[in-house]
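J.: Pasting a structure below so you can have a look.
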Amino acid sequence: MTDLGSIFSLALSLVISGDQQLYSIIVLSLRVTLTAVLLGCLVGIPLGAALATYRFPGRGAAIAVLNAFMGLPPVVVGLAVYLMLSRSGPFGVLGLLYTPTAMIIAQAILVTPLIAALSRQSLADLHTEYDDLFRSLRLRPSDKIRALIWEGRYGLSTAALAGFGRAIAEVGAVIIVGGNIEHVTRVMTTAIALETSKGDLALALALGLILVTIAIAVNAAVLSLNRTARRLAYA
Amino acid sequence: MIQFRKALAIAAVIALSALSTPVEANDKYIVVQSTTSTEQSGLFKHILPMFKAKTGIDVRIVAVGTGQALKNGERGDGDVVLVHAKAAEEKFVADGFGVKRTEVMYNDFVLVGPESDPAKVAGSKDIVAALKSIAEAKAPFASRGDDSGTHKAELDHWKPTGIDVKSASGEWYRSTGSGMGPTLNTAAGMSAYALTDRATWLSFKNRGPLKIVVEGDKRLFNQYGIMLVNPAKHPTVKATEGQAFIDWITGVEGQNAIRSFQIGGEQLFFPNAPGV
C-alpha cells in the first residue's frame, strides 16, 4: 500500500479534490510558521547584526550560546511555552494555550536563535569588507547596523529560509502548545503525526509530500524575488 | 535607508496583525481533555456535530493519554476531562481537581499479536494466563509505557502473573512510551503482542501481521468517565458550557449518539451512563 507511485497519486488527488479541511490546515501551517519567522527576523537579524558589529567582553561566549541554541529541541521549547501559558502558569490569564498564537510563540522561540546565528555569520563577513568605509563615514553604531542589514539583505533571506524550514517541519512544540485540535490548531506536521498514529501511513506520507512541495514553493518564491530585486537594483 | 525603515515597518505590521487576528469568531467553546482512543476512532467526529447543532457550543478535543489528560486538567488547561482509568479519575475528584465523576460508556481491551503466535495464546479468554505464556516464551510485547489508561490497565493484568516486567524491559518487554497508534505501529513492525482498546484497533489501518488473540475476558472491561474541571480551583473553567456537554453526553441524546457510532457495522462504544 505504500509504494511511491500510489502515495504520489494520493497526494495529487488530495490537492485536486479541493478538500476544504486540507486547505485550511495548509493555510494555518503557513500562517503560523511565516508569522513566527517574521518575528524571528525582527529580533534575530538585528541581534545577529549587533553581534557582527560590536566588540564587547563575553562576545565569544554569546556567539557560542547563540550557535548552540540553533539546536534547541522543539519538544523542550514546547514544554516550556506550555508551562508559561498554562492556566496555572505565569501567563495563564491570557488564555493563549491551544491557540495558533501559542504555536507562533513557540516557533518564534525556536527560529530566532537560528536566524540570529546565521545572520551574524553572513553579516560578519560583510562587516569586514565595509569596516573601512563605515569608519570613513563616521556612522553611528545604529546606522552601521542598518546599513549592514540593508546591504546584506540577500544573504539574510537565506537565514530567514533556514528559519522557515525549521519551523514548518517541526511537530514537537506545536503539538504540545496547540493540542492538535481539529479546525483550530491542527497543522500539517501534527496532521501527519495523527495519521501515522491511526496507522494510515499512505495518507501520512501523502501529506508529507504536500508539505515538502509547499516548502519548495516558498523557497523558490523567495529566491526568484531575490533575483528580481537584484536585477532591478543593478539594471 | 528609507527603504529599510519601510520594510521594517511593514514587517512589524504584518507580524502584529497575524498575531492578533481573532482565532475564532465563535468564542462559545470548551476544551475537553480526552484520550487518543476516543478521538482517533472517529467517535468525536460523529457525535460532536450533534451537540454543536443543539447548543452552539464548539467542543475542542485535546487527545492525549489518560495520565496526561488528568494532569492537564489539574493545571486548569481544559474544562472537561473524558478518560478511562477509574482509580485515577476518582483520585482526581477526591483531590478536588474534578467536580464529579460520571460514567459515560464502555468498550473492552483486546490483546493483539502476530499471526505466528509464538506464545500460543490465540483463542484464549484468560488475559492473565496469556500474559504469563508470553513472558514464558519471551515473545516480544509492546507496552504503551506512558501512564495512559491502557497502560494502567495493562499493568493491572501483569500484577497477578507475578512477573516483573520492569526487569524484562528492553528484552522481550518493549516500553514504547507513546500513544496507542504508535505502539501498534511498533508492534506490527516487530511482530509483538500488545494490549489495545478495541476502538483504536478497529480504526487502525497498519495492522501488518497483527490480529486479535485474546478477547472476551471480563477483566478486559474498559470504562470511560467524564468530569468537569473544578471551577472552584480554576475560575477560568467554563462551568456552564462544560456541564452542558456532560449533561448531554450522559443524557438520552448523547448516549444514543454514542450507540449509533459504528465502523464496518461494528459498534465501538457502549453507552452506560447511570439512569438513562
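The values are calculated or read from the model by the stated rules, or taken from the named source; none is laboratory data. Quantities reported herein were computed from a predicted structural model and do not represent experimental measurements. Cβ atoms come from the backbone with ideal geometry, glycine included; neighbour counts cover every protein chain shown.
J.: Scan segment B:22-75 for residues that are within 8 Å of another protein chain (Cβ to nearest Cβ) and in a loop (DSSP other than H, G, I, E, B) and jot them down.
T.: Selection gives B:Val23, B:Glu24, B:Arg75.
J.: Another question about this same structure. So B:Ile226 clears everything in (1) surrounded by fewer than 24 Cβ atoms within 10 Å (Cβ to Cβ); (2) closer than 20 Å to B:Ala69 by Cα; (3) away from chain A (no Cβ under 14 Å) except one condition, right? Which one?
T.: It is condition (1) that B:Ile226 fails.
J.: Here's something else I'd like to know. Only one of B:Leu70, B:Leu16 is farther than 19 Å from A:Leu194 by Cα, out of contact with any Asp or Glu (no Cβ under 6 Å at 6 or more places or on another chain) and modelled with pLDDT of 90 or more; which?
T.: B:Leu70
J.: Looking at this structure, is A:Glu170 facing another protein chain (nearest Cβ under 10 Å), crowded, with 16+ Cβ neighbours inside 10 Å and outside any helix (DSSP H, G or I)?
T.: Criteria not met by A:Glu170.
J.: Are any residues in segment A:89-98 in contact with an Asp or Glu (Cβ under 6 Å, 6 or more places away or on another chain) and more than 9 Å from chain B (Cβ to nearest Cβ), and if so, which ones?
T.: none
J.: Considering only segment B:221-276, state which residues are over 30 Å from A:Ser88 (Cβ atoms), assigned to a loop (DSSP other than H, G, I, E, B) and without any contact (Cβ under 8 Å) to a residue 24 or more places away in the chain.
T.: Selection gives B:Gly265, B:Gly275.
J.: Please go through segment B:149-171 and give me each residue that is away from chain A (no Cβ under 14 Å) and surrounded by 18 or more Cβ atoms within 10 Å (Cβ to Cβ), ordered by number.
T.: Residues satisfying the conditions are B:Gly149, B:His151, B:Lys152, B:Ala153, B:Glu154, B:His157, B:Trp158, B:Thr161, B:Val165.
Residue by residue, here is whether (1) closer than 22 Å to B:Asp79 by Cβ; (2) more than 14 Å from chain B (Cβ to nearest Cβ); (3) touching a Lys or Arg at 6+ places or on another chain (Cβ under 9 Å) holds:
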residue	(1), (2), (3)
A:Leu39	no, no, no
A:Gly48	no, yes, yes
A:Gly58	no, yes, no
A:Ala68	no, yes, no
A:Pro74	no, yes, yes
A:Leu85	yes, no, no
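J.: What do you reckon, is A:Thr101 free of Cβ contacts under 8 Å to residues at least 12 places away in the same chain, part of a helix (DSSP H, G or I) and within 13 Å of chain B (Cβ to nearest Cβ)?
T.: Yes, satisfied.
J.: Quick one: which of A:Tyr82, A:Tyr54 is surrounded by 17 or more Cβ atoms within 10 Å (Cβ to Cβ), aromatic (Phe, Trp, Tyr) and over 30 Å from A:Ala221 (Cβ atoms)?
T.: A:Tyr82
J.: Let me ask another. Just checking, which of B:Phe245, B:Phe221, B:Phe204 is touching a strand residue (DSSP E or B) at 6+ places or on another chain (Cβ under 9 Å) and surrounded by fewer than 15 Cβ atoms within 10 Å (Cβ to Cβ)?
T.: Unique residue meeting the criteria: B:Phe221.
J.: With the condition kept exactly as written, say whether any residue in segment A:196-218 is closer than 30 Å to A:Leu79 by Cβ, acidic (Asp, Glu) and in contact with a Lys or Arg (Cβ under 7 Å, 6 or more places away or on another chain).
T.: Scanning segment A:196-218 turns up at least one residue that is closer than 30 Å to A:Leu79 by Cβ, acidic (Asp, Glu) and in contact with a Lys or Arg (Cβ under 7 Å, 6 or more places away or on another chain).
J.: Filtering segment A:134-150 down to residues that are surrounded by fewer than 19 Cβ atoms within 10 Å (Cβ to Cβ), over 14 Å from A:Ser119 (Cβ atoms) and of a type in the set (D, E, K, R), which residue is farthest from the other protein chains (Cβ to nearest Cβ)?
T.: A:Arg135
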